[in-house]
Amino acid sequence: MNGWQRFAVLIVCCFVVMVLYPYFDAAGWTFMGVAFAMWTGVIVVLSIISNLFGLYKFDGLNKLIFFVLICAIMYSLLWYFPQEDKVTPINKIKYGEIPTKKDIEYGIKRFTFNFDFVRRNARRKENFINQDMDKDEVKKEIKKKVSDTTDELIDSIDIQVE
């Protein structure tokens, strides 16, 4: 297994952890960036060492190195990945809180782009692109805004007529 394949596995591991445990804030993105850079460095050094000593010729040893690398990546991501509730994913797993279908759907939704530009006023705590909004509340807000605007227009017309 070469460095590019290990790098692809690193990307998949980071994506899987972020999808399975999607309740993170800006610290989660920073952590993933730092972890990604650190593990990229480890993969580069590991590739240089394996090429230097010719370890790529030994298939069993190469598979063992790959297995240990995947275990180390997943362990570090699950043990240190920050969550909003301050409980790491490994502790959630330890206490029986496994990701639900709702968590996975929300995690995938965080990686999609919503082309509906009507919802531009994002709240700071929520995702800036894909906001979960109550449609009935939005309709009431729109009706109130329209009625306020029409009242203002009617008042301005009355002032001009007088």
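The values are calculated or read from the model by the stated rules, or taken from the named source; none is laboratory data. Fair warning: this is a prediction, and the values are worked out from it, not measured in the lab. Quick reminder, even Gly has a Cβ in these numbers, built from the backbone with ideal geometry, and neighbours come from all protein chains shown. All accessible areas refer to the heavy atoms of the entire protein, side chains included, with ligands and DNA or RNA removed. Shrake-Rupley method; radii C 1.70, N 1.55, O 1.52, S 1.80 Å.
Here are some notes:
- Accessible surface computed residue by residue for region 1-88, with neighbouring protein chains in place and a 1.4 Å probe, gives 59 Å² per residue.
- Here Thr112 and Phe58 are evaluated by their C-beta separation; at R0 = 41 Å the FRET efficiency comes out at 0.45.
- Counting protein heavy atoms only, region 1-62 has 79 percent of its accessible area on carbon and sulfur, 1.4 angstrom probe.
- Counting only Cα atoms, region 1-117 measures 51, 38, 23 Å along its principal axes, largest extent leading.
- Computed accessible area, Thr100, all protein chains, 1.4 angstrom probe, square angstrom: 70 Å²
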